[in-house]
Amino acid sequence: MKKGPLLTVLITLTLLASACTGLVPTPLETTPTLTLPTPVLTVDEAPDVEQAAKDYLEAWKTENYEVMYGELSALTRDAMSLESFTTKHQDTAVNLTMLSMDYTLLSSMVNPTTAQVSYQVRYATSLLGEIDRNTLMNFVLEDGTWHVQWEDGMLLPELAGGNYLEKVLEVPARGNIYSSSGYPLVAQTDAVSIRVIPGLIDPDNEGGMVSLLSRLTGLTEEQVLNKYENTPGSQFAIIGDITAETAAENASALARYDALQLVNFRSRFYYDGGIAPHITGYVLSISPEELLDYQRRGYSGDEKVGATGLESWGESYLAGTHGIDVYVKDPQGQIVTKLGSADAKSAASIYTTINSAMQYDLQHSFGDQVGAMVVMERDSGKVLAMVSNPGYDPNIFNSLIYSSYSMAEVIQDPQNPLYNRAAQGVYPPGSIFKIVTMAAALETGVFTPDYPYVCDSLWTEMPGWTGKDWTYDKGYSSSGLLTLKQGLMRSCNPWFWHIAYTLWNDGYTTAIPDLALGFGLGKATGIEIPDFKGNVEYPNTVNDYVQMAIGQSTLQVSPLQVASFVAAVGNGGTLYQPTVVEKIARMDGEPLYSFKPVVAGKLPVTEENLMAIQEAMVMVVRNPSGTAQYQFRTLSGNIAGKTGTAENPLGDSHAWFAGYTFNNDPNKPDIAVAIILENAGEGSEMAAPLFRRAVAWYFSNGTNAGGTMPWEESPYVPATPEPTDTP
């Protein structure tokens, strides 16, 4: 019997009976349902590969090779050192003559662990213009960061596979430097070095030998003797250099002396032992520290380059433009292709404003005096002569003929002959500055040109201090009652102390330094060679103000600045930017530059007041009571000037003189001159004679030397020192 249908009937009846009686059946036990948390999915995005590429390229742009190397993949760093990596980039830069590098990102492609960025690299070069290439940068993901898988093609596609660049340069001959008349100051030429072997000197004809060498080299006989007096007999001493032409003209005379040895050479030569050496400067070999920079500018590295003066300032003109061919070579050294080329351009020569004959004679006018002189055209700013004494022969830096010992002698000389005292000198102006103080007195309106003041030998207006006039120190009687113009004529210290003391008490506490700045002091002149900007400070006390009035206190000027502002006084108030460059030109073309006067400013002085200053400066040199009148009795022409004696806390006073001419000759431009002699004493006694020489020489074209200097035996010949008794 089957149980299935019967069991089903029984269960059904039971359920129906329960429903009729209202009974609730007991529920069956069930397993509870578990609620699971919503799953959280984390997705790690790959880093921005374009930003990684940009970071790398920015480091390349600034040539930060260490940062670039740090962004390379581990595999790349294992295969190449930082030094090798750096060298590859620098060699490419040198061969391209690269000035700078830039880039543009083009596109990118990213995979889970690798990526690739396309970019354009652009090289700005010295000789090849702009070079641009599209290339690729491959990346690998390491520790969650993109790293560059470097290869040579990243520099240039042509360098893939280990290719490299090689350049061939054509170096043009260096340009020359000429005087205003075309006389060579510096040139590539055949020259002769003259040497003396003391052991071969014949005492009977030594005097003739020394005289000949003095004539050929421009040295005094004493200087020639000094060149070899301490040289061992079997060794040689270099006396100087002359052109091959001069040597040929004097061949028979030179051959008379067995002690003379002539060495021929061809190289950069500075004529006549250096005419205006502080203007021309000199050349040196490229230093190891500068080598890479010069190579990237298109130099091979073994050239001589300008170190100072116009040689340095005009390097880009004097060196010309190098020609170049750049080749791509394979690892075996075979040429793959020529990457680029450019023709050489001839060098240009610099024609200076220097009157070489006047410069030469003025250089030989200083004797042993340490100091400087500037002669410039009053109405244009052209510098006709600039002397800094002691000077030097730029040829000593030529290793072909001079030893390092000769160079060391000049470099270590305590008088520092390499220092350009004319343009870079740092001096208190002394009484030269009274011109500026007089201008301040007039421009404030507190004083007039004819304002009277008693100039005593002692000044006691300012409590707590007594000032002494120069007449007191000389033992002269006081100057007495003077107008302001006469005060400048007599260079009366009390007059100018009185001006400053009065202006200070009247509230004009900045008038004097304001005028100094207006006269161009305290700023660079703009000349092509390095110069000193000077120092003009605003005094904080009346005492400093009073000292400033006579050119002391913290004031510092250069002779070039003084010549500039004195020229402006003489020409009616125009400050011209000084220049030593007349023109720059290639032999085969039009001038690249021709001089035109540049107005640097106007003196902040009215025409009326400027005329009063001019009249006072004429009185200095022409009035019987003028401080320098006695120096110019025999000098004709229209001149104006001012003496100066600047106190020097480190020694004797410095001697100043500054002035100008006003002949108004259309065929002979007027000039302004400034002179300083260090520790020489009175300006009227020591510096004024050099002004006389410069003016006399200029207006006579060298036929009038303007008399004899206090230290000369005859014009241009230093006096022989008197023998001293040896105890």
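The values are calculated or read from the model by the stated rules, or taken from the named source; none is laboratory data. In this text, all values refer to a predicted model and were calculated from it rather than measured experimentally. For neighbour counting, all protein chains shown are included, and Cβ atoms are generated from backbone atoms with ideal geometry for every residue, glycine included.
Within the range 562-585, the set of residues being crowded, with 24+ Cβ neighbours inside 10 Å and without any contact (Cβ under 8 Å) to a residue 60 or more places away in the chain comprises A568 only. For P112, the conditions (1) out of contact with any Leu (no Cβ under 7 Å at 6 or more places or on another chain); (2) surrounded by 15 or more Cβ atoms within 10 Å (Cβ to Cβ); (3) outside any strand (DSSP E or B) all hold with the exception of (2). Just one of the listed residues (G551, G534, G507) is of a type outside the set (S, T, Y) and farther than 23 Å from F657 by Cβ, namely G507.
For every residue, the table says whether it meets (1) under 21 Å from the mean Cα position of the chain (by Cα); (2) in the same structural domain as L488 (by TED's automatic domain parsing); (3) β-branched (V, I, T).
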residue: S404; (1), (2), (3): no, no, no
residue: V410; (1), (2), (3): yes, no, yes
residue: Y419; (1), (2), (3): yes, no, no
residue: I432; (1), (2), (3): no, yes, yes
residue: A439; (1), (2), (3): no, yes, no
residue: V446; (1), (2), (3): no, yes, yes
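What do you reckon, is L219 surrounded by 14 or more Cβ atoms within 10 Å (Cβ to Cβ) and farther than 27 Å from Y716 by Cα? No: the conditions fail for L219. Could you list, in sequence order, the residues of the range 275-293 that are of a type in the set (S, T, Y) and at pLDDT 95 or above? The answer is T280, Y282.
Look at (1) surrounded by 14 or more Cβ atoms within 10 Å (Cβ to Cβ); (2) at pLDDT 90 or above; (3) more than 30 Å from Q295 (Cβ to Cβ) and you find that S181 fails only one, number (1).
Exactly one residue out of V168, V117 is buried (at least 18 other Cβ atoms within 10 Å of the Cβ) and part of a strand (DSSP E or B), and it is V117. The helices (runs of 4 or more DSSP H) falling completely within the range 472-575 that include 2 or more residues that are among the hydroxyl-bearing types (S, T, Y) map to 493-505. Among the residues of the range 662-693, those identified as in contact (Cβ under 8 Å) with a residue 60 or more places away in the chain, of a type outside the set (A, V, I, L, M, F, W, C) and either closer than 14 Å to V620 by Cβ or buried (at least 24 other Cβ atoms within 10 Å of the Cβ) (or both) are G683, R692, R693. Taken over the range 45-79, the criterion of being among the hydrophobic types (A, V, I, L, M, F, W, C) and out of contact with any helix residue (DSSP H, G or I) (no Cβ under 8 Å at 6 or more places or on another chain) is satisfied by A46, V49, A52, A53, L57, A74, L75, A79. Whether a residue is touching a His at 6+ places or on another chain (Cβ under 6 Å) and either outside any helix (DSSP H, G or I) or among the hydroxyl-bearing types (S, T, Y) (or both) was assessed, and L185 does not pass this test.
Here's the yes/no breakdown for (1) at pLDDT 95 or above; (2) within 23 Å of G70 (Cα to Cα); (3) crowded, with 16+ Cβ neighbours inside 10 Å; (4) in contact with a Pro (Cβ under 7 Å, 6 or more places away or on another chain):
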| site | (1), (2), (3), (4) |
| --- | --- |
| D132 | yes, no, no, no |
| F139 | yes, yes, yes, no |
| D152 | yes, yes, yes, no |
| A173 | no, no, no, no |
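In the range 336-349, the residues that are closer than 22 Å to N176 by Cβ and at pLDDT 95 or above reach residues that are of a type in the set (S, T, Y) and surrounded by 13 or more Cβ atoms within 10 Å (Cβ to Cβ) with C-beta atoms within less than 6 angstrom, at least six apart or across chains, in these pairs: A348/Y317.
Looking only at residues of the range 50-89 that are in contact with a Phe, Trp or Tyr (Cβ under 7 Å, 6 or more places away or on another chain) and β-branched (V, I, T), we find that the one that is nearest to H147 (Cα to Cα) is T76. Among the residues of the range 589-616, those identified as of a type in the set (V, I, T), touching a residue at least 40 places away in the same chain (Cβ under 8 Å) and over 30 Å from Y476 (Cα atoms) are V598, V605, T606. For the range 134-154, the condition of being part of a strand (DSSP E or B), acidic (D, E) and more than 30 Å from E311 (Cα to Cα) holds for at least one residue. Looking for something surrounded by 21 or more Cβ atoms within 10 Å (Cβ to Cβ) and over 22 Å from G683 (Cα atoms) - is there at least one such residue anywhere in the range 427-441? Within the range 427-441, one or more residues are surrounded by 21 or more Cβ atoms within 10 Å (Cβ to Cβ) and over 22 Å from G683 (Cα atoms). G301 meets all of the listed conditions (1) in contact with a His (Cβ under 8 Å, 6 or more places away or on another chain); (2) free of Cβ contacts under 8 Å to residues at least 40 places away in the same chain but one, namely (1). Out of the residues in the range 617-661 that are in contact (Cβ under 8 Å) with a residue 24 or more places away in the chain and among the charged types (D, E, K, R), state the one that is farthest from K382 (Cα to Cα). Ranking the qualifying residues of the range 617-661, first place goes to D652. Checked against the criteria, E615 counts as in the same structural domain as A658 (by TED's automatic domain parsing), closer than 30 Å to T483 by Cα, more than 21 Å from the chain's Cα centre (by Cα) and surrounded by fewer than 18 Cβ atoms within 10 Å (Cβ to Cβ).
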